[in-house]
1. Is there a quick way to get the dipole size of region 39-105? I mean about its Cα centre, with the Cβ of Lys and Arg at +1 and of Asp and Glu at -1; what is the value in debye to the nearest 20?
2. Name the residue from Met113, Val136, Ala160 whose Cα lies farthest towards the positive end of the charge dipole of the chain, charges +1 on Cβ of Lys and Arg and -1 on Cβ of Asp and Glu.
3. Looking at the chain, send over the antiparallel percent of its DSSP beta bridges, to the nearest 5.
4. For the chain, what is the accessible area per residue in Å², given a 1.4 Å probe and the full set of protein chains?
5. Note the angle between two axes, namely the Cα long axis of helix 16-27 and the longest principal axis of the Cα atoms of the chain, as a number of degrees from 0 to 90, rounded to the nearest 10.
6. From the phi angles alone, apply the Karplus equation (6.51, -1.76, 1.60; θ = phi - 60°) to region 234-243 and give each ³J(HN,Hα) in whole Hz, x where the residue is Gly or Pro.
7. Enumerate the amide H contacts of Leu292 below 5 Å, restricted to partners 5 or more residues apart or on another chain; note that Pro and chain-start residues carry no placed amide H.
8. Rounded if a/c is under 1.5, else prolate if a/b is larger than b/c, else oblate: which is region 109-250, with a ≥ b ≥ c the root eigenvalues of its Cα gyration tensor?
Amino acid sequence: MRALLVVNPQATSTTAAGRDVLTKALASELKLDVLQTRYRGHAAEATAAAVADGVELVVALGGDGTVNEVVNGLLAAQTGSGSGAPRPDPEATAMLAVVPGGSANVFARALDMPRDPVEATGQVLDALAHRRRRRVGLGWADDRWFTFNAGMGWDAEVVAAVERARAQGHEASPGRYALTAIGQYLAQLRRPPSMTVELPGAAPLPGVRLAFVSNTDPWTFLSGRAVRTNPRSSFGGGLGLFALTGLGPGTIASTLRQILSADGDPHGRHIVRHDAVGRIRIRSERPLALQLDGDHLGMRTDVEFLSVPGALRVVV
């Protein structure tokens, strides 16, 4: 089988020696080419070119940003520029395998992949030997695929701030995310956003201060602890909406306790939740930050999030 290994050399949980071990293990069973990413968007470009050249499997070794780029590269040939979400044929493109190498690895962990890269590589090879495949649904927004979550407002501002810090050479550690989240929360209190959420068959919901869109559960992880906003979300069940209509300290404290608990099932006066939704539209009075899979895409005032079931084949 022809395969491409896409390696992010800046991945936080692997070393150069470890990546060499994983590469040799994969090359022993596959006709393997290796790409080390050098700039943002490189993984997507290389993946799209490899698929066009007939590669059958792309292995992403890195964090969620690397996985997102590879997914967008895999489906690039089937992504048109028309309105609405594309409807790709998973059989018409290469398969995806993921070896976690980042700090959170939300997508890989949602697939129950081992957190250790060596163990994950072994599972990928075993899955190939036994022809184990899984169809997963994806989200689509702003002409781009996302695998596990998206958001406008507070969380996206945190992502943008952490990206700026990384560009200055700072590590994107859980502690930095936590401190950045506190700083951005105080900024949100001073100037709270006002969003309107629209769902199929429902009246518009104005006055939303925070909105997450999930493609699976957990929504993310905080120092190894799952963060559950929509515990009934799954890769095959549509999108989940989690929104807050208030950002007061009491609301935030109560919400954090619920979404960080092992059996998290958040609810409350200021919490709005919907599961298994095919389409979610979020509009805002002023431009707000948008993030997909932890990647800051810029400022937006109107974004439609769409669920695309069974869009991708993953080796698990």
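1. For this selection, approximately 180 debye.
2. Ala160
3. 70
4. Accessible surface, normalised per residue, equals 43 Å².
5. 60
6. Here the 3J(HN,Hα) series is 8, 5, x, x, x, 9, x, 10, 10, 9 Hz.
7. Result for Leu292 returns Leu297.
8. Cα axes put region 109-250 in the oblate bin.
The values are calculated or read from the model by the stated rules, or taken from the named source; none is laboratory data. What you are looking at is a predicted structure, and each value in this text was computed from that prediction instead of being measured. Cβ: placed from backbone, ideal geometry, glycine included. Neighbour counts: every protein chain shown. Quick note on the areas: whole protein, heavy atoms, side chains included, nothing else; ligands and nucleic acids left out. Shrake-Rupley method; radii C 1.70, N 1.55, O 1.52, S 1.80 Å.
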